[in-house]
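The values are calculated or read from the model by the stated rules, or taken from the named source; none is laboratory data. Just so you know, these numbers come straight off a predicted model, no measurement behind them. Cβ sites come from the backbone with ideal geometry, for glycine too, and all protein chains shown count toward neighbours. The area values use the complete protein model at the heavy-atom level, side chains included, leaving out ligands, DNA and RNA. Shrake-Rupley method; radii C 1.70, N 1.55, O 1.52, S 1.80 Å.
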Amino acid sequence: MPRTLAATITRKTRSKIQIEISKQNFEAFCDAIGLYRREFLEALDSSERDHRAGRVTKRKSLQGLIS
């Protein structure tokens, strides 16, 4: 069952929402969005190896990766 996390909206615009979470909830937040998943951690390791080897592509935005 998903866990409910407390967060406060500190700023809201048409295209962005800025939230604030407590230090105590940070680990639960990372877990909820998948930052501890094995696949994500393996992707980070692979990315770091590519960066060290010089296989880097400059991007202006992450939008190009998902579109």
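Results, tabulated for the structure shown:
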quantity: The stretch 19-40, residues that are open to solvent by less than 100 Å² (accessible area, probe 1.4 Å) and within 12 Å of the chain's Cα centre (by Cα); calculated: PHE29, CYS30, ASP31, ALA32, ILE33, GLY34, LEU35, PHE40
quantity: Residue in the stretch 45-64 that is of a type outside the set (A, V, I, L, M) and at positive phi present; calculated: yes
quantity: Test: residue in the stretch 41-59 that is surrounded by 11 or more Cβ atoms within 10 Å (Cβ to Cβ) and not hydrophobic (A, V, I, L, M, F, W, C); calculated: yes
quantity: Every pair of residues 6+ apart whose Cβ atoms lie under 9 Å, when the first sits in the stretch 27-41 and is without any contact (Cβ under 8 Å) to a residue 24 or more places away in the chain while the second is outside any helix (DSSP H, G or I) and surrounded by 12 or more Cβ atoms within 10 Å (Cβ to Cβ); calculated: LEU41/LEU35
quantity: Of residues in the stretch 18-43 being acidic (Asp, Glu) and assigned to a helix (DSSP H, G or I), the one nearest to THR8 (Cα to Cα); calculated: GLU27
quantity: Conditions (1) without any contact (Cβ under 8 Å) to a residue 12 or more places away in the chain; (2) open to solvent by less than 100 Å² (accessible area, probe 1.4 Å): number failed by LYS16; calculated: (2)
